[in-house]
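Working notes, structure below.
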Amino acid sequence: MSEMIKNRSEILFLYDVTNSNPNGDPLDENKPRIDEGTGINIVTDVRLKRTVRDYLHDFRQQEIFVRGIPDENDKTKLKTKEDRYA
């Protein structure tokens, strides 16, 4: 058996949000993504990764490779996608 398969592990990440839109759909006016069958909000893997990155950066003071680009005029804000590619 290869080392990769022998050392495999999984994690369970629980995510609980009240009165919030944890993962808006930008293609649908940022409305929540909802499973029509169950009525439960769907949170994508991309949102979960961002949540973990933000937690590690903000609360554990760990450097994160993927971060926003600060706005030169206002260091408290990040550049928008339009500003980055202008």
Next item on the list: Could you list which residues have their amide H under 5 Å from that of Asp25, counting only those 5 or more apart in sequence or on another chain, with H placed in the peptide plane?
Entry: Asn30, Lys31, Arg33
Notebook entry, point to check: Out of segment 1-58, which GluC sites (Glu not before Pro) are coil in DSSP terms and have no more than 15 other C-beta atoms within 10 Å?
Noted result: Glu10, Glu29, Glu36
Next item on the list: Round to the nearest 0.05 the FRET efficiency obtained for Asn73 and Phe13 when R0 = 30 Å and r is the Cβ-Cβ distance.
Entry: 0.25
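Every number in this text was worked out from the coordinates using simple rules, so none of it is lab data. The model shown is predicted, which means the values in this text are computed figures rather than measured ones. Heads up, the Cβs are rebuilt from the backbone with ideal geometry, glycines too, and the neighbour counts pull from every protein chain shown.
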